[in-house]
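Below: one structure, written as structure tokens.
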Amino acid sequence: MSLVTDSPVHSSSSGDDFAAYLDAELETGSSDSLGDEEVEANNELEEDVEDDDDHESNRTKRLKVEKVQHVLDPQGSTSQVLMEKNIEVSVEQDICTHPGSYKNLCMICGKELDVESGVSVGYIQQGLRLGNDEIVRIRNTDMKNLLRHKKLYLVLDLDHTLLNSTHLMDLTLEEEYLKGQTDSFQDIPKGSLFRLDFMHMMTKLRPFVRTFLKEASEMFDMYIYTMGDRPYALEMAKLLDPRGEYFHARVISRDDGTQKHQKGLDVVLGEESAVLILDDTENAWAKHRDNLILMERYHFFASSCRQFGYNCKSLSQLKSDESETEGALSSVLRALRQIHHMFFDELDGNLDNRDVRQVLKTVRKEVLKGCKIVFSHVFPTRIQADSHPLWIMAEQLGATCLREVDPSVTHVVSMDAGTEKSRWAAKEKKFLVHPRWIEATNYLWQKQPEENFPVAGGATDPQ
Amino acid sequence: MFFHIVLERNMQLHPRHFGRNLRENLVSKLMKDVEGTCSGRHGFVVAITGIENVGKGLIRDGTGFVTFPVKYQCVVFRPFKGEILEAVVTMVNKMGFFAEAGPVQIFVSNHLIPDDMEFQSGDIPNYTTSDGSVKIQKDTEVRLKIIGTRVDATEIFCIGTIKDDFLGVINDPAAV
């Protein structure tokens, strides 16, 4: 079948050539379609093709008329315009809208497409592209399916969220002992420290991650979305999900994103109103902050601490690790459970109209509900207090922020115990806490014991 | 479709292979080089069945290698539009499924899967009819029709459909 004469390419060629070309094409085409009619009688797809034949021949007739005009009309330009109009009309009449393609073949009519269009979803299969309408359609049907199974979407970052990796050559002397403690690839589900010699890397999984994935997979369809490259992402997926039960083909790496240095939900085949994101980097999700649950960074290796400018000893150097039951992942899992429960069991109204972003906000607002906070010696004076990240974070957690002290205040957040407000707090028996109290509360989804965040006496920063 | 055709290839042979086994060496090298490859024009070379004729060798200047023009018979496999193929499903997702017929990979979009089959996510993603009697998942064998092919110099890609009479599952390993 040689009827793939999509017009846009030819519209630029001169009228005469085009007509001749179409004539030739039509001849081969019509003989082809005759053959088809004999072979397959009532087949939808073939019908499409035959319809195509018809309008193709119409177009040619029209063009022939135009050609005559072209000869008669001394001002060829007007007829050229006319002809192009006609072509545009016939393109609109094209039956298949080519909603998506595989290796440049339309996935419905099987025609070869001239231009690459749509969003690449190469993480599912190389060469697969989907148009916007198709993505919307898939999201809709998938959403219904998912809600029926009481599930939502969860997009997970890898580095510093679920695990920590380092190059072998970046290991410090103090960390050499790790090389003797790596777990075997024979029994991945039980291990947590792996040495990937072929990638020259060592990877430590965050404590609790196995339980986290298992429990979260009952509430969510999970994606991996990392800024690492594709081979790395797949290797890590193998460590996290050795039996291939959680992620399937839902591993997205930076090679699959549509924008540089940004992560976007446009390649995720899920409604944005049902997606939650776990990531340690807020800036990567500029467009989807409402979906984001910010994670405390997991720094196991010394190189990772250095990379982020911390001068403290890493967990590996201290030969310790995050707590399994009190760590970031278990806290987040608790919050996720709460969100999931509220989304499906507590909200009224139609399931389709619910928005997990609203639920996320509501759940977050419960954490510091009832707290009234005054800041002292925290913000630089030149910055508007209520635009400072800590102020915003506290309000998102449900606390009320005030500029001046009054009897209803419950917490004074201060860097310095010597300020007027700090002394007032001590006198009035209010909680006096370090700003890290708010950050920790934010990461752990629970009001933290105030006594763990004392404020140092002098004017110096305790950090 | 399979074809039994005659192809020609210029084989370069190192002089160390010369001697009474020259012809055997030439043939085994030919098999190694050609079988399993894909040319856009002829399709996949499945197997060499015989040698028609080995032409006169020509010494390459400077290297000592000798080029022999070899005519050989072989079985090639090339999918065509409209052809019915039997294929094994390799991956199922919400966009449709991928299947392999030998070396050819075929994509069947969910538009071209019968409307009564619905996608089910889970441990083993699959397409199932509402009564559960027919199921397409990984390793299922399906009969499908090719509706489009794209031929590269070294690869062939296909779009298929199972939305037609007598197409669909022919053997489901999960049901056995």
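Please list A:Glu326, A:Glu215 from largest to smallest accessible area, probe radius 1.4 Å, with all protein chains kept in place.
Values: A:Glu326 135, A:Glu215 65 Å².
From most accessible down to least: A:Glu326, A:Glu215.
Restricting attention to the stretch A:235-278, which trypsin sites (Lys or Arg not before Pro) occupy a DSSP loop and are surrounded by at most 16 other Cβ atoms within 10 Å?
Those that pass, being in a loop and sparsely packed, are A:Arg243, A:Lys260.
Using a basic spin-label model with each label point 7 Å from the Cα along Cα→Cβ, how many nm lie between B:Asn53 and A:Arg148?
Rounded to a tenth, the inter-label distance reads 6.6 nm.
What shape does the stretch A:370-420 have by the C-alpha gyration tensor, where a ≥ b ≥ c are the square roots of the eigenvalues, rounded means a/c under 1.5, and otherwise prolate means a/b greater than b/c and oblate the rest?
On the way: a/c = 1.82, a/b = 1.05, b/c = 1.73.
Oblate, since a/c reaches 1.5 and b/c is not below a/b.
Volume per residue, Å³, of the convex hull around the alpha-carbon atoms of the stretch A:152-345?
Numbers: hull volume 23.5 nm³, N = 194.
Looking at the stretch A:152-345, the number lands at 121 Å³ per residue.
Below 11 angstrom from the Cβ of B:Thr129, what's the summed charge of the other residues (Lys, Arg +1; Asp, Glu -1)?
Details: positive: B:Lys135; negative: B:Asp115, B:Asp116, B:Glu118, B:Asp131.
Cβ neighbours under 11 Å give a net charge of -3.
Name the shape class, rounded, prolate or oblate, that the alpha-carbon gyration tensor gives for the stretch B:84-171, where a ≥ b ≥ c are the square roots of its eigenvalues, rounded holds for a/c under 1.5, and otherwise prolate holds if a/b is larger than b/c and oblate otherwise. Don't jump to the answer; show the numbers that get you there.
On the way: a/c = 1.93, a/b = 1.64, b/c = 1.18.
Since a/c reaches 1.5 and a/b is larger than b/c, the shape of the stretch B:84-171 is classed as prolate.
Take every Cα-Cα distance within chain B, group them into 10 Å bins from 0 onward, and report for each bin the whole-number percent of pairs it holds.
Computed distribution, short to long bins: 9, 30, 22, 16, 12, 8, 2, 0.
Work out the mean other chain Cβ neighbour count within 10 Å for the residues of B:75-81 and drop it here as an integer.
Taking the mean over all residues of the peptide, I get 1.
Given the options A:Gln358, A:Ala394, A:Thr325, identify the residue whose Cα lies farthest towards the positive end of the charge dipole of the stretch A:309-463 (+1 on Cβ of Lys, Arg; -1 on Cβ of Asp, Glu).
So the residue furthest toward the plus end is A:Ala394.
What average number of partner chain Cβ atoms lie no more than 10 Å from the Cβ of the residues making up A:139-152? If you can, show how the numbers build up before the last one.
Values: counts 1, 0, 4, 3, 0, 0, 5, 1, 0, 0, 3, 0, 1, 0.
That works out to 1 on average.
Restricting things to alpha carbons, find the Rg to Rh ratio for the stretch A:88-211 using the Kirkwood radius for Rh.
Across the stretch A:88-211, the Cα-based Rg/Rh ratio is 1.20.
7 Å from Cα along Cα→Cβ at both A:Asp290 and A:His388: what's the point-to-point distance in nm?
2.8 nm
Given a cut-off of under 8 Å on Cα pairs at least six residues apart, what relative contact order in percent is computed for the stretch B:89-156? Intermediate results must be reported in sequence, preceding the final value.
Numbers: 91 pairs, mean separation 18.3, N = 68.
With pairs under 8 Å counted, the relative contact order is 27 percent.
Keeping all protein chains in position, work out how much accessible area B:Glu118 exposes to a 1.4 Å probe, and write it in Å² to the nearest 10.
Spelled out: B:Glu118, probe radius 1.4 Å, area about 90 Å².
Counting only other residues whose beta carbon sits under 14 Å from that of B:Val46, what net charge do I get with K and R as +1, D and E as -1?
0
Sum up the lysine pairs in the stretch A:152-345 that clear both bars: alpha-carbon distance under 15 Å and a spacing of 8 or more or different chains.
Final tally of qualifying lysine pairs is 10.
From other protein chains only, count the Cβ atoms within 10 Å of every residue's Cβ in A:107-115, then give the mean.
Details: counts 13, 7, 5, 15, 5, 6, 2, 0, 0.
Mean partner-chain Cβ count within 10 Å for A:107-115: 6.
The values are calculated or read from the model by the stated rules, or taken from the named source; none is laboratory data. All of these numbers come straight from a predicted model, not from anything done at the bench. Every residue, glycine as well, gets a Cβ built from its backbone with ideal geometry; the counts of neighbours run over all protein chains shown. Just so you know, the surface numbers come from the protein's heavy atoms only, side chains and all, with ligands and any DNA or RNA stripped out. Shrake-Rupley method; radii C 1.70, N 1.55, O 1.52, S 1.80 Å.
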